[in-house]
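Chemist: Dumping the structure here so I can ask a few things about it.
The values are calculated or read from the model by the stated rules, or taken from the named source; none is laboratory data. Since the model is a prediction, treat every value here as computed from it, not as a measurement. Cβ sites come from the backbone with ideal geometry, for glycine too, and all protein chains shown count toward neighbours. Keep in mind that these areas ignore ligands, DNA and RNA; they rest on the heavy atoms of the full protein, side chains included. Shrake-Rupley method; radii C 1.70, N 1.55, O 1.52, S 1.80 Å.
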Amino acid sequence: MSKPIVAVVGRPNVGKSTLFNRIIGKRLSIVDDTPGVTRDRIYGDAEWLGHKMMLVDTGGIEPKTDDIILANMRAQAQLAIDMASVIVFVTDLRTGVTAADMDIAAMLQKSGKPIVLCVNKCDKVGEPPVEIYEFYNLGLGEPIGVSSVHGHGTGDLLDAVLAGLSEEELNTEEDEDVINVAVIGKPNAGKSSLINSVAGETRSIVSDIAGTTRDAIDTLIENKYGKFNFIDTAGLRRKSKVDDKIEKYSVIRAEMAVDRADVCVIMIDGVEGFTEQDSKVAGLALENGKACIIAVNKWDAVEKDGTTMDSYRKKLMVDFSFMPYAPIVFISAKTGQRVERLFELIKYVNEQNTMRISTGMLNDILADATARVQPPSDKGKRLKIYYMTQASTKPPTFVCFCNKAELFHFSYQRYLENQIRSTFGLEGTPVRFVIRERGDK
């Protein structure tokens, strides 16, 4: 990642996520009074005094714990600390310095990184509260009083963060060539395993417990195919199954991840096969006009003979009949089988999604198509299509000017779409048509 990384760490429930959301200016991290809501590392872009940085919110550190998920959260926080240029250690004014704070301070001092000590919940404006002086005992220098709920003190905090960054880190440029990829699917389809496999490090907590990933996490990968930013999303469950308040946010988060993405990889559990939920997940990508790839995971665990893949592909083409353009790839996140092919496809469908076709070429196709199959007519009035032009990309959107919009039947739209696809490919991307009557504003 080109931007300097700032890790926000501390024990559970000191207000790390509220502070994180306050600095990046949007609700990206789930905020709830339940300790342990943030489990993985979450990334957000922040800017202060013209300098851009990447902020990482981590799960609360419990220095001594036997709980598997808590231990995993601690490992995730450790990874964030290792990657960070500056660490913001968040403590809580109301509870004062605890034994856990002491342990975390000792752990952070070993990292040798610049540490900014933030004392949260200083909600009164004016003189610093007397209790703040106790935090000098942590041996991390001057504590900065902040109220993440009201936002005061965050400016001083960010000034201290910038002071900890090197000259080189302060003057980094952002990369425009990165393709954002959202990995979506139902819980336990292997989304996190795929991201860990392509990243070559444990980015997401992988566990057989469905619903382990609750937030969308970003992983930047650069290889011979280009630069990719993978967004791992929490699995989308059926609405009726979502009762936990935190899960509800996670569904919204997955929708936000799709919104941010250029390409969606729809992950299907190869052993379980297609389910109704998979079509819901795919529908989300379709509605947002995203380029899509259907990835059948766990292919190593499927019993196969010579025709398994063909018959599976045919069945999927029926199941995904609403997105016939999406290429299908059979992969195994565990063994790395065909993961390279997945990168090729991501790059290819992204190019298709951003393709521009000249108006001249479009009208040549239109003339040819209308000569082959006459436009529909109704009560003696025939549809006339005057011309067609491409209005935008992501997805490719075509505007057709005609004499009467109600004559432009859906089936004729699909016929035109097929003609455009047969000439230009547009594989993996939906295509949209806007019908305008002549004289329409």
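Chemist: Would you please state which residues of the range 76-103 a label at Leu49 would reach in this model, taking the label point 7 Å out along Cα→Cβ and a backbone N cut-off of under 18 Å?
Modeler: Backbone N within reach: 85-88.
Chemist: Find the centroid of the Cα atoms in the range 267-334 and in the range 109-185, then give the distance between the two in whole Å.
Modeler: 43
Chemist: Let me ask something else. With each pseudo-label sitting 7 Å past Cα toward Cβ, what's the Asn363-Thr423 distance in nm, one decimal?
Modeler: 1.2
Chemist: Between Asn403 and Lys315, what FRET efficiency comes out of the Förster formula 1/(1 + (r/R0)^6) with R0 = 51 Å and r the beta carbon distance, rounded to 0.05? It would help to have the intermediate numbers written out before the result.
Modeler: Numbers: r = 43 Å, r/R0 = 0.84.
After rounding, the FRET efficiency stands at 0.75.
Chemist: For the range 281-328, which trypsin sites (Lys or Arg not before Pro) are in a loop by DSSP, counting at most 16 other Cβ atoms within 10 Å?
Modeler: Loop-located and lightly packed - Lys304.
Chemist: For Glu131, what is the net charge nearby, where nearby means another residue's Cβ is under 13 Å from its Cβ and Lys, Arg count +1, Asp, Glu -1?
Modeler: Values: positive: Arg94, Lys121, Lys124; negative: Asp92, Asp123, Glu127, Glu134.
Value of the local net charge: -1.
Chemist: Shifting gears a bit: How would Val434, Val9, Val130 line up by accessible area, probe 1.4 Å, largest first? Let's see the in-between values first.
Modeler: Numbers: Val434 45, Val9 0, Val130 115 Å².
Listed by decreasing accessible area, they come as Val130, Val434, Val9.
Chemist: Please compute the modelled spin-label separation between Lys334 and Ile68, points set 7 Å along Cα→Cβ, answer in nm with one decimal.
Modeler: According to this spin-label approximation, the distance is 1.6 nm.
Chemist: Report ³J(HN,Hα) in whole Hz for each residue of the range 398-415, in order, from the Karplus equation J = 6.51 cos²θ - 1.76 cosθ + 1.60 where θ = phi - 60°; Gly and Pro get x.
Modeler: Rounded to whole hertz, the list is 10, 9, 10, 9, 9, 7, 8, 5, 6, 7, 6, 5, 4, 5, 6, 4, 5, 4.
Chemist: For His152, His409, what's the largest-to-smallest order of accessible area, 1.4 Å probe? Could the numbers behind the result be given before it?
Modeler: On the way: His152 60, His409 105 Å².
Most to least solvent-accessible, the answer reads His409, His152.
Chemist: Then there's this: Extending each Cα 7 Å along its Cβ direction at Ala199 and Thr308, get the distance between those two points in nm, one decimal.
Modeler: Going by the 7 Å Cα→Cβ label model, 3.0 nm.
Chemist: Apply the Karplus curve 6.51 cos²θ - 1.76 cosθ + 1.60, θ = phi - 60°, to the phi angles in the range 179-185 and return the couplings in whole Hz, x for Gly and Pro.
Modeler: 9, 7, 10, 9, 9, 10, x
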